[in-house]
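A.B. asks: Here it is: the structure, laid out below.
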């Protein structure tokens, strides 16, 4: 029987075949949910789905698209927002 | 008549220069336009531009410097290429270290000499005779001694 902490489903299971032919279970931390646009809730492209500790090892340019609101808004929502700002200034 | 004539100020809406101001420098096509200013000098689809009221006095195919001059009259900044400068790899420089070590040694020797000199000057006259040893600095106290003694003698004579 697994320990109590492994029965809650907090950790994801990985089935590993041992040399003796039996399969054992290893437990890993679950990945965070995918990044979504703050406006339209679409999934964002170009934002890796990694644990925060692993994200720090990736260069910053690989963590989010290099544009205003990159990694927060999708490109179409960003364009709409910029258009609004420009037209308000007019 | 398109809005994107030469000299029209625009705002870029797409890409890494989105939200920055630029100027139309050349009309390439119905859809494409050459753009310069606070952005990379680039061919751009007019769908990715939002025109503004202002226009600048520019010739067709104006150079980046002319655009820069025109932008500065409006009080706007201009994007400039940052050429990478290769920084030197940090290395341990041995020669300097040795020099430092030599300087330290010299300083130490000087200090020792000073201390020796002071130690030999300070002792009282009675002990001096016993203290004198076969060191290199013997000459100095020997030269000093007779003077001192002569002075002392003079003092005694005056008394």
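A.B. asks: Roughly how many Å is it from the Cα centre of the stretch A:1-75 to that of the stretch B:100-116, as a whole number?
C.D. replies: 63
A.B. asks: How do A:27, A:69 line up, fewest other C-beta atoms within 10 Å first?
C.D. replies: A:27, A:69
A.B. asks: Something else now. Pop a pseudo-label 7 angstrom from the Cα along the beta-carbon direction at both residue B:86 and residue B:16 and give the gap in nm to one decimal.
C.D. replies: Distance between the two pseudo-spin positions: 2.2 nm.
A.B. asks: Separate question: With angles folded into 0 to 90 degrees, how steeply does helix A:75-89 sit against the dominant principal axis of chain A? Use alpha carbons for both and round to 10.
C.D. replies: 30
A.B. asks: Could you rank the peptides B:64-72, B:110-118, B:78-86, A:74-82 by their average count of other C-beta atoms within 10 Å per residue, with the highest value first?
C.D. replies: Ranked from most to least packed, the peptides come out as A:74-82, B:64-72, B:110-118, B:78-86.
A.B. asks: Looking only at A:71, A:46, A:21, which one moves most when chain A is put into a Gaussian network model with springs between Cα atoms under 10 Å?
C.D. replies: Greatest mean-square fluctuation among the candidates belongs to A:21.
A.B. asks: Still on this model: Find how much the distance from residue A:64 to residue A:17 grows on full extension, using 0.36 nm per residue of separation minus their present alpha carbon separation; answer in nm with one decimal.
C.D. replies: Length difference between fully extended and current span is 13.2 nm.
A.B. asks: Measuring from centroid to centroid over Cα atoms, what is the spacing of the stretch B:42-87 and the stretch B:13-39 in Å?
C.D. replies: First find each Cα centre; the distance between them is then 8 Å.
A.B. asks: Multiply the residue separation of residue B:109 and residue B:27 by 0.36 nm, subtract the distance between their alpha-carbon atoms, and state the gained length in nm to one decimal.
C.D. replies: Extra length from residue B:109 to residue B:27 when fully extended: 21.6 nm.
Bear in mind that the values in this text are calculations on the coordinates, not laboratory data. The shown structure was predicted, so the numbers you read here are calculated from the model rather than taken from an experiment. All Cβ positions, glycine included, derive from the backbone under ideal geometry; neighbour counts span all protein chains shown.
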